[in-house]
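The block underneath contains the structure these notes are about, expressed in structure tokens.
The values are calculated or read from the model by the stated rules, or taken from the named source; none is laboratory data. All figures in this text were calculated on a predicted structure; none of them were measured in a lab. FYI the Cβ positions are ideal-geometry reconstructions off the backbone, even for glycines, and counts take in every protein chain you see.
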Amino acid sequence: MRRNSLARDESGTVLPAVIGLMMIGLLLVGLVFELARWGSLWRETAFVAEAAAEAGAATIDLADLRSGTLTLSPDLAIASAVTAGNEARPRPNRVITAAVPTPDLVCVNVSQEYSSTLLNLFGAASMQVSATACASPARG
């Protein structure tokens, strides 16, 4: 009889451990999902930056080209890069800046806010994801 009373007393002791492990597993799956979303957004901003830089590098100053020099038209390169970046994959709250640091180079910076759902519980509500790309008409 003593053996049955001990078995009855231990019933359900594993249940809290199983529930705890399931909660930890769900949290880890959610964290992996958040990291995948962040990585996808980073890839997208890098793609937009590269596409915008290549579009800006395609705006060659024709007057300089006729004289034998391959340079960019700075105002046209900036406008073309920003327009191409906005058209590549339009998203709300995306910030695209372009600059022509040298006569034959256009650089584009794309910044996008990433708002987390799971990490919001731990105080990381949002963060900036940014990518920079530069292109030259000689190299692309």
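Take the residues in region 63-85 that are hydrophobic (A, V, I, L, M, F, W, C) and farther than 12 Å from V48 by Cα; name whichever of them is surrounded by the most Cβ atoms within 10 Å (Cβ to Cβ).
The residue in question is A77.
Just give me the residues in region 115-130 being under 13 Å from the mean Cα position of the chain (by Cα) and modelled with pLDDT under 85, in sequence order.
S115, S116, S126, M127
Taking region 93-122 as the region of interest, how many residues are outside any loop (DSSP other than H, G, I, E, B), more than 10 Å from T45 (Cα to Cα) and of a type in the set (S, T, Y)?
The number of residues fulfilling the criteria is 4.
Give the residues of region 1-54 that are modelled with pLDDT under 90, surrounded by 11 or more Cβ atoms within 10 Å (Cβ to Cβ) and of a type in the set (D, E, K, R), sorted by residue number.
E34, R37
Since V95 meets every condition but one in (1) of a type in the set (V, I, T); (2) surrounded by 19 or more Cβ atoms within 10 Å (Cβ to Cβ); (3) under 13 Å from the mean Cα position of the chain (by Cα), which condition does it not meet?
Single failed check for V95: (2).
Of the residues T71, T132, only one is of a type in the set (S, T, Y) and touching a Cys at 6+ places or on another chain (Cβ under 7 Å); which?
T132
Return yes when A88 is out of contact with any strand residue (DSSP E or B) (no Cβ under 6 Å at 6 or more places or on another chain), within 17 Å of A58 (Cα to Cα) and surrounded by 15 or more Cβ atoms within 10 Å (Cβ to Cβ) and no when it is not.
When the stated conditions are applied, A88 passes them.
Conditions first: (1) of a type outside the set (V, I, T); (2) part of a helix (DSSP H, G or I); (3) under 22 Å from the mean Cα position of the chain (by Cα). A79 passes all but one, so which condition is the exception?
Unmet for A79, out of (1) of a type outside the set (V, I, T); (2) part of a helix (DSSP H, G or I); (3) under 22 Å from the mean Cα position of the chain (by Cα): (3).
Scanning region 61-82 for residues that are among the hydroxyl-bearing types (S, T, Y) and in contact with a helix residue (DSSP H, G or I) (Cβ under 7 Å, 6 or more places away or on another chain), which turns out farthest from N109 (Cα to Cα)?
Restricting to residues being among the hydroxyl-bearing types (S, T, Y) and in contact with a helix residue (DSSP H, G or I) (Cβ under 7 Å, 6 or more places away or on another chain), the top hit is T71.
Among the residues of region 83-92, are any assigned to a strand (DSSP E or B), basic (K, R) and within 17 Å of the chain's Cα centre (by Cα)? Break it down into steps so the answer makes sense when it comes.
Initially, region 83-92 is screened for residues assigned to a strand (DSSP E or B), giving none.
The answer is no; no qualifying residue exists.
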